[in-house]
Amino acid sequence: MSAVLDELAAGGVRLAVPLLLASAGELLSERAGVLNLSVEGMMLTGAFAGAAGALASGSAAVGVLTALAAGLTVALLQAVLSVTLRADQIVTGITINALALGGTTYGARLLFGDGAADSVPGFDPMPVPVLHDLPVLGPALFEQSALGYLACAVTGALAVGLARRTPWGLAIDAVGEDATTADRCGLPVRAVRYAVVLLTGAVSALAGAQLALSEVHAFSDNITAGIGYLAVVAVIAGRWRAWPTVLACLFFGVVQALQFAAPALGLHVSAPLLTTLPYLFALLAVSGLVGRSRAPAALTVPFVRGT
Amino acid sequence: MTLSLAPPRPLSRLRHPSVLAAGAALVTVGLGAALVVAAGTDPATAWAALEEGMFGSPYSVGTSLNSAAVLALIATGFSVAHRAGLVNVGGEGQLCAGGLAAAATGLALPPQVPTALGVPLTLVAGFLAGGLWAWLAAVLRTRRGTSEVITTLLLNFVGVGAVSVAVHEEGLLRQPVTSSETLPQSEALPAGAHLPLIAGAESPATVIVAVAAVAVVVTAVVLRFTGTGLRLTAVGHSPSASARLGLPVARLQEGGLGVAGGLAGLAGACLVATAPYVLAEHFSSGYGFTGLVVGLLARGSLIAVAAVSLLLGFLTSGGINLQLAAGVPASSVQIVQSVLVLLIAATMLWSNRRTGAAT
Amino acid sequence: MRARPASPAAARVPALEIRRLTKSFGAVRALDDVSLVVESGTVHCVLGENGAGKSTLCHLIGGSLAPDTGTLRLYGKPYAPRRPADALAAEIAMVHQHFSLVPTLTVGENLRLLRLPDLARRVDRVADEYGLTLDLGARVADLPVGVRQRVEIVKALLREPRLLLLDEPTGVLDPVGTEALLKTCRRIADRGGAVVLITHKLGEVARTGDTATVLRGGRVAGGGPLAELPAERLVPLMIGRSADSLDPALSGTIGLTELTELTGSSMSKTPQAPADRPGPSALRVHALTVRGTDGTHALDGASLEVGHGEIVGVAGVEGNGQSELLAVLGGSRAPDEGTVAVGDTDITRATPRQRTDAGLGVVPEDRHHDGCVPALSVAANLFLGRLGQFRRAGLFLDRRAMRRAADTVLTAHDIRAEGPDTPMSALSGGNQQKVVLARELALDPLVCLAAAQPTRGLDVGAVHAVHSRMREAAARGAGVLVVSSELDELLALCDRVVVAYRGRLSAPVDPHEPAARERIGRLMLGAAAEDSARASAPTVAAPTLTAPAPADPATPADPAPPTEAITPPTPPTA
């Protein structure tokens, strides 16, 4: 029983780490008024570029750098389309994801051929002395790879460093709530939106690299399989607030881990049902059946200066 | 110091939609050729395969038309909801709900059911289920003010999940498991629920093509020439003024999104009632999302809905042949399609400006 | 205001110099060859009717818009803002007509958005120098408009600007708040700063300004030191005809009545004689209560009665329940308690359609948002509620019949539009309002018309048309309820005026009694008007003009007595 619990916690955290990272970025984007559906594409591109970089250089650290570069490129595309060209954010998000899926699949065939990406240089677990011996939480939290610890640190830094009480966090919220007023206060509305989208691209790519380089040391087609969308859903379920979003990510992680742990627990739960659970949960949270929730007022609304 | 004068606009002629469309097409054709070459295929071979896949045979034309019809149904529904001021992102989920209901209905019918009864029942079940799926989001919007963009988006995943659950559980719709090889999908629908072919045995084109054409035309007429169309438009532009003028705003919005869901559900039912006549995971093949993109790009014009649906429908089936006959990776087709959509979306602002919508 | 070196040379450089500014929107020339000079140490008023180009000028100076041609100089240096941030960097502060505050943030957070060093010290300094104090922890969305305006002004002053622009700042203020604001402007100018006050109220100009520029139709109609420009000369510049030709209600909308009363002359008033009609009153509102989300009362037992053929005005500082009253009447908001009846029909919870059928016409406050659908044609806006009358072949809309019917209305109401198919958004504000009014007046039967701020944003010609229509409706026997923040307009137009204060309505005041203006002014500040509340036991608080502004949340409990007992309307003597 305790082994199952261990596995559940460890599995939950393992799935939650990339989710946390991506949703930390997504939360920033949405707070600034950009519904960044392309997180999925950014993660996937990051995973692909990370694997390619690591394979080509033989170094996992270089893989992280190439992942960042690729994620930023996708983010730049998203930002140009949705902020400068004011294209529909739903269209661009969904389509960039399709482009990323097509592009990485095509690229994998071209670069990796058959099976070359089945084993790429990656990050190995680095147990923290003493702490990893803690029951349940120890193996879950303190046996991660260097990239995993980095991911947790970045998530924490974003949550604390860009909270509303900080000047930058306040600027982000103002831009997402009322862009015209923010503009009149002298805030660079478009620059703020570019910044958060690029930041989202960077952390999503990191999340993708975490998937490919820390967990499986391989790249396979569509390796993210919807985790990016799940990150968007976590932000919705967390009602656009930091800590509830973190809780939603952890909850989603555990629910997914339950798929693997359920047989050991002697439970018969339909795996697709568990996969669907996060979305149902988010639906309940956002429908106002559980407390009130409000999206940033300017979400998906492009900014045009006028009167 | 003089500020910049009103600039002369030699570029404005370049903003004509047809110029933009031609430009976008050129870019995508070039990109497609590059991808084909990079994958090691001779461009001439690839082009022949693409053309063959689009127009080469009654079979390929029929497949293309079927795809276009599914897209057109979803995009038509999207346009109706959009007229009422709602953005239906949930085509995928509604399509799944429709497919699920159609499969359940079709499988519940007696094996000898006549087509005249089986097909309508299956399609109506799909329409109702899809409509109900969307109506959930509409009610959350009209009663609780929850953004339909977010609820319909979430309901997509729930719909996809529901299909998954249904085809994985033997207690639900999964075919009897006889070996570990048994696929997670439903049994085949009885012959009476199969959509009739409309262009002979050579072509797989089914009545869905006619159904979609009727849906597009009827919708266009209703939106353009009836009081209901004007009322929907008014609600879409200004719910509060419409309410003041005595229009039943909530009912119109719920109806608009309900019809959108219904048409997507109908599309789902058609997919299930077309060969191989089973409900399987991923039976939607992303049609819901592509249909949404068609709707968004058409911007309320049903002529554009028909045109874009046909374009993407033919491209899709041409792409399939490109893989089969020329060995070009499927992903390159996906790349070309996404780049085309991104180009159109990106230049929309530009073509809007030309018509003076900037104020 | 930062102390400036007062060397004579520096004093001669104008604070702001505008040369030949032109700005067009499509075919409309909003500003045409406008030049003006603002000296430092002065309050410069920019006067003009609605649509004269005042706001466009404001946006050009503030960097929200770029001019087509023309130049600006700020303290002698070329100034070409490309964005609001440039204006801020040039030490120009603006107070916008529509607030620039993020409603979901607190006051303190809104101030922090400015990213100024030593914010706390600056806030203290503005509080000391101008007496403007704020509750930094309050959420802006929870604040009454008057307080938001104060936040907006503090925000501008925190920057110690060289030039302060105020765009119609007094529209949402009560008399005391207006007085305080104008004093603040004066003080800024007296310390060497430059103030541009954009307004359409002559009274404010006379009390505060040093110089003025009058805009009409996007051009400079005149200007100069106000000492040489008395109201008799300003009015023709503003509206193109002399003050004598205006009836009192029209004078009211440009703040002229107030001015002439100040200078001692008086205008004759021509009250309407209401049609004598038996039976229930046209509109009866009884003990209406609407609670806000936070538990406060937007309406708190408001009662009111409008007789047939009578025009009743609702005065008061904005945000005292007038919007909610109209929302309840229009059916967009259900009251928590109380009843509303039109004629003998109870419509408390009726749908908008049932209200229309009962004979209640409503002209909403926000014309663009609630009154019409700007993107649709004039014909559609006229007949949207009764499309069933225009059917062809049972199913289709008979657009030709709609067009014909619309043409008739356009002619009858003198609505200037290219045709019935013109989109509403292409019409001027005045013509839009005429369309809305025409539609509501076309109800059959028309028992009561309720209009909120019906003349806001209209030019004098349109104001005149709107007033005439409302008077005609009353003459035909309908009850008319007018909510307006222009007290002078109400005084001239109405047979009785009630005052909204904190969700309650006072007993009616007869606008023709000698001290009506002063009494209403006191009622707007929450003072109980003893004599008008004779029906109920008077619980009187200190009714003085020095009472704290009503918007201030720190004000003690509402001293106004409940006003349920309203005597039936008595026809005022002509």
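Take the residues of the stretch B:311-336 that are within 7 Å of chain A (Cβ to nearest Cβ) and touching a residue at least 24 places away in the same chain (Cβ under 8 Å): which is nearest to B:Y287 (Cα to Cα)?
B:I335
I'd like to verify a number: residues in the stretch A:122-144 that are touching a His at 6+ places or on another chain (Cβ under 7 Å), in a loop (DSSP other than H, G, I, E, B) and open to solvent by less than 50 Å² (accessible area, probe 1.4 Å), how many? Please lay out each step first, then the result.
So in the stretch A:122-144, the residues touching a His at 6+ places or on another chain (Cβ under 7 Å) come out as A:122, A:138-139, A:142-143.
From the residues that got through so far, the ones that are in a loop (DSSP other than H, G, I, E, B) too are A:122, A:142-143.
Narrowing further to those that are open to solvent by less than 50 Å² (accessible area, probe 1.4 Å): A:122.
So the count comes out to 1.
Is it the case, given these coordinates, that A:L206 is away from chain C (no Cβ under 12 Å), in contact (Cβ under 8 Å) with a residue 12 or more places away in the chain and surrounded by 20 or more Cβ atoms within 10 Å (Cβ to Cβ)? Can you show your working first?
Details: away from chain C (no Cβ under 12 Å): yes; in contact (Cβ under 8 Å) with a residue 12 or more places away in the chain: yes; surrounded by 20 or more Cβ atoms within 10 Å (Cβ to Cβ): yes.
Taking the combined requirement at face value, the residue satisfies it.
Could you tell me which of the residues A:A257, A:A242, A:A295 is within 21 Å of A:L211 (Cβ to Cβ) and among the aliphatic types (A, V, I, L, M)?
Numbers: A:A242 fails: within 21 Å of A:L211 (Cβ to Cβ); A:A295 fails: within 21 Å of A:L211 (Cβ to Cβ).
From the options A:A257, A:A242, A:A295, the qualifying one is A:A257.
Can you pull out every residue in the stretch C:494-517 that is at pLDDT below 85 and in a helix (DSSP H, G or I)?
Passing the criteria: only C:R517.
Of everything in the stretch C:268-306, what is among the acidic types (D, E) and either open to solvent by less than 60 Å² (accessible area, probe 1.4 Å) or modelled with pLDDT of 80 or more (or both)? Give them in sequence order. First the steps, then the outcome.
Our first condition is that a residue be among the acidic types (D, E); within the stretch C:268-306, this holds for C:276, C:294, C:300, C:305.
Hits for the stretch C:268-306 are C:D300, C:E305.
Is it the case that A:V196 is closer than 30 Å to C:H96 by Cβ, within 15 Å of the chain's Cα centre (by Cα) and open to solvent by less than 20 Å² (accessible area, probe 1.4 Å)? Walk me through how you get there before you give the answer.
Values: closer than 30 Å to C:H96 by Cβ: yes; within 15 Å of the chain's Cα centre (by Cα): yes; open to solvent by less than 20 Å² (accessible area, probe 1.4 Å): yes.
Here the answer is yes, as A:V196 does meet what is asked.
So which of C:G338, C:G309 is at positive phi, assigned to a strand (DSSP E or B), at pLDDT 90 or above and of a type outside the set (D, E, K, R)? Walk me through how you get there before you give the answer.
Details: C:G309 fails: assigned to a strand (DSSP E or B).
Being at positive phi, assigned to a strand (DSSP E or B), at pLDDT 90 or above and of a type outside the set (D, E, K, R) holds for just one of C:G338, C:G309, which is C:G338.
Kindly evaluate B:E202 against the criterion of being open to solvent by 40 Å² or more (accessible area, probe 1.4 Å) and touching a Phe, Trp or Tyr at 6+ places or on another chain (Cβ under 7 Å).
Yes, satisfied.
What's the number of the only condition in (1) surrounded by 18 or more Cβ atoms within 10 Å (Cβ to Cβ); (2) more than 30 Å from B:V139 (Cβ to Cβ) that A:N222 fails to meet?
(1)
Can we say C:L60 is in contact (Cβ under 8 Å) with a residue 24 or more places away in the chain, touching a His at 6+ places or on another chain (Cβ under 7 Å) and within 11 Å of chain A (Cβ to nearest Cβ)? Break it down stepwise before answering.
Working: in contact (Cβ under 8 Å) with a residue 24 or more places away in the chain: yes; touching a His at 6+ places or on another chain (Cβ under 7 Å): no; within 11 Å of chain A (Cβ to nearest Cβ): yes.
Considered against the rule, which asks whether it is in contact (Cβ under 8 Å) with a residue 24 or more places away in the chain, touching a His at 6+ places or on another chain (Cβ under 7 Å) and within 11 Å of chain A (Cβ to nearest Cβ), C:L60 comes out as no.
Let me spell it out: the conditions are (1) open to solvent by less than 10 Å² (accessible area, probe 1.4 Å); (2) more than 7 Å from chain C (Cβ to nearest Cβ); (3) over 23 Å from the mean Cα position of the chain (by Cα), and A:C185 meets all of them except one. Which number is the exception?
The failed condition is (2).
Only one of C:P14, C:P81 is more than 9 Å from every other protein chain (Cβ to nearest Cβ), without any contact (Cβ under 8 Å) to a residue 40 or more places away in the chain and part of a loop (DSSP other than H, G, I, E, B). Can you tell me which?
Details: C:P14 fails: without any contact (Cβ under 8 Å) to a residue 40 or more places away in the chain.
One residue alone meets the criteria, C:P81.
Give the stretch B:122-147 a look and list any residue that's surrounded by 21 or more Cβ atoms within 10 Å (Cβ to Cβ), within 11 Å of chain A (Cβ to nearest Cβ) and either among the aromatic types (F, W, Y) or touching a residue at least 40 places away in the same chain (Cβ under 8 Å) (or both), or say none.
B:A137, B:R141
Check the stretch C:369-382 and report whether any residue there is in contact with a strand residue (DSSP E or B) (Cβ under 7 Å, 6 or more places away or on another chain) and within 19 Å of C:L449 (Cα to Cα).
yes
Identify all residues within the stretch C:383-438 that are more than 14 Å from every other protein chain (Cβ to nearest Cβ) and basic (K, R); write none if there are none. Before you say what the answer is, go through the steps one by one.
Residues of the stretch C:383-438 more than 14 Å from every other protein chain (Cβ to nearest Cβ): C:404-405, C:407-419, C:422, C:427-431, C:434.
Across the stretch C:383-438, the qualifying residues are C:R404, C:R416, C:K434.
Is there any pair linking a residue in the stretch A:259-281 that is in a loop (DSSP other than H, G, I, E, B) to one that is open to solvent by less than 40 Å² (accessible area, probe 1.4 Å), with Cβ under 7 Å and at least six apart or on different chains, and which?
Partner pairs satisfying both residue conditions: A:V269/A:A262; A:S270/B:V165.
Any chance you could count how many residues in the stretch B:220-243 are under 9 Å from B:A84 (Cα atoms), surrounded by fewer than 21 Cβ atoms within 10 Å (Cβ to Cβ) and more than 8 Å from every other protein chain (Cβ to nearest Cβ)?
Residues meeting the conditions: 0.
Which is surrounded by fewer than 21 Cβ atoms within 10 Å (Cβ to Cβ) and in a helix (DSSP H, G or I), of B:A250, B:A260? If you could, list the steps in order and put the result at the bottom.
On the way: B:A260 fails: surrounded by fewer than 21 Cβ atoms within 10 Å (Cβ to Cβ).
Sole residue among the options that is surrounded by fewer than 21 Cβ atoms within 10 Å (Cβ to Cβ) and in a helix (DSSP H, G or I): B:A250.
Select, from C:A380, C:A375, the only residue that is open to solvent by 20 Å² or more (accessible area, probe 1.4 Å) and at the interface with chain B (Cβ under 10 Å from one of its Cβ atoms). Before the answer, list the steps.
Values: C:A380 fails: open to solvent by 20 Å² or more (accessible area, probe 1.4 Å).
Just one listed residue meets the conditions, C:A375.
Do you know which residues across the stretch C:472-497 are of a type outside the set (D, E) and over 14 Å from C:G307 (Cα atoms)? Show your work before the answer.
Step one: list which residues in the stretch C:472-497 are of a type outside the set (D, E), which gives C:473-485, C:487, C:490-494, C:496-497.
Across the stretch C:472-497, the qualifying residues are C:V483, C:S484, C:S485, C:L487, C:L490, C:L491, C:A492, C:L493.
I need a count of the residues in the stretch C:115-131 that are within 12 Å of another protein chain (Cβ to nearest Cβ) and crowded, with 17+ Cβ neighbours inside 10 Å.
The qualifying residues number 0.
If you go through the stretch C:144-162 one residue at a time, do you hit one that is more than 23 Å from C:I198 (Cα to Cα) and at the interface with chain A (Cβ under 10 Å from one of its Cβ atoms)?
There is no residue in the stretch C:144-162 that is more than 23 Å from C:I198 (Cα to Cα) and at the interface with chain A (Cβ under 10 Å from one of its Cβ atoms).
Count, please, the residues in the stretch A:209-219 that happen to be part of a helix (DSSP H, G or I), surrounded by fewer than 24 Cβ atoms within 10 Å (Cβ to Cβ) and touching a Ser or Thr at 6+ places or on another chain (Cβ under 9 Å). Steps first, answer last, please.
Pass one, the stretch A:209-219, residues part of a helix (DSSP H, G or I): A:209-216.
Now drop any that are not surrounded by fewer than 24 Cβ atoms within 10 Å (Cβ to Cβ), which leaves A:215-216.
With touching a Ser or Thr at 6+ places or on another chain (Cβ under 9 Å) added as a condition, the list becomes A:215.
Qualifying residue count for the region: 1.
Just wondering, is there one or more residues in the stretch B:95-107 that are within 14 Å of chain A (Cβ to nearest Cβ), touching a residue at least 40 places away in the same chain (Cβ under 8 Å), part of a loop (DSSP other than H, G, I, E, B) and within 20 Å of B:F157 (Cβ to Cβ)? I'd like the intermediate steps shown before the answer.
Looking only at the stretch B:95-107, we keep the residues that are within 14 Å of chain A (Cβ to nearest Cβ), and these are B:96-97, B:100.
Retained after the next criterion (residues that are touching a residue at least 40 places away in the same chain (Cβ under 8 Å)): B:96-97, B:100.
Of the ones still in play, those that are also part of a loop (DSSP other than H, G, I, E, B) are none.
For the stretch B:95-107, residues within 14 Å of chain A (Cβ to nearest Cβ), touching a residue at least 40 places away in the same chain (Cβ under 8 Å), part of a loop (DSSP other than H, G, I, E, B) and within 20 Å of B:F157 (Cβ to Cβ): absent.
The values are calculated or read from the model by the stated rules, or taken from the named source; none is laboratory data. The structure presented is a predicted model; accordingly, all values stated were derived computationally and were not measured. Cβ coordinates were reconstructed from backbone atoms using ideal geometry, including for glycine residues, and neighbour counts include every protein chain displayed. Note: areas computed on protein heavy atoms with side chains; ligands, DNA, RNA excluded. Shrake-Rupley method; radii C 1.70, N 1.55, O 1.52, S 1.80 Å.
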